[in-house]
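**Student:** Next up is a structure, given as C-alpha cells.
Nothing in this text is a laboratory measurement; each read-out follows from the coordinates by a stated rule. None of these values were measured; they are calculated from a predicted model. We place every Cβ from the backbone using ideal geometry, glycine too, and count neighbours over all the protein chains shown.
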Amino acid sequence: MESREKTKRMDEQSKTSDGKSGGGASKAGDSSPAALTSEKYLLCKLGETIQKKRLQIGLSQEQLCSLTDMNRTYLSDIERGVSNASFLVLWKIATAFKLELWEVLKDIDLSQPN
C-alpha cells in the first residue's frame with residue numbers, strides 16, 4: 001500500500017502547472033493518465049529494486065556512483081522513480097553489484113497497481 005501512495009505522490013509531482021505530464025515517461029502518442037501512472041509505477045519499482053540491492057550489498061549512493069561514473073543526483077532520481085535509466089546505466093549498476101543485468105531486474109514486481 002505504501003508503494004502505491006509513493007507512486008501516486010511521484011506522479012503528481014511530475015505534472016506541470018497546466019496538469020500535463022512533464023514528459024519523457026509516456027509512450028509516444030499515449031498521454032492518458034492510466035499509461036502515465038503505470039509507467040511511473042514501473043519506474044518506482046525499478047528504483048526500489050536498485051536501492052534495495054545497493055543497500056543489501058552495503059554500498060552508499062556515493063560509492064555506487066563512483067563505481068558507475070554516475071552523478072549522485074541522477075542515481076537518487078532513478079531510485080525514486082523520477083528518472084528512467086537507460087540500458088547502459090542499468091548495465092553499469094549491475095556490473096557494480098557484480099551481478100548480471102537479469103539478476104538485478106528479476107525481482108521487480110511487474111504487477112500493476114489497482
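**Student:** Please rank E100, E48, fewest neighbouring Cβ atoms within 10 Å first, as an exposure proxy.
**Tutor:** E100, E48
**Student:** Something else now. Under a 5 Å amide H to amide H cut-off, with H placed in plane at 1.01 Å, what residues pair with L59 once short-range neighbours are removed?
**Tutor:** Amide H neighbours of L59: none.
**Student:** May I ask you to evaluate 6.51 cos²θ - 1.76 cosθ + 1.60, the Karplus curve with θ = phi - 60°, for each residue of the range 75-90 and list the ³J(HN,Hα) values in order in whole Hz, giving x for glycine and proline?
**Tutor:** Using θ = phi - 60°, the values come out as 4, 4, 5, 5, 5, 8, x, 7, 10, 9, 6, 6, 4, 4, 5, 4 Hz.
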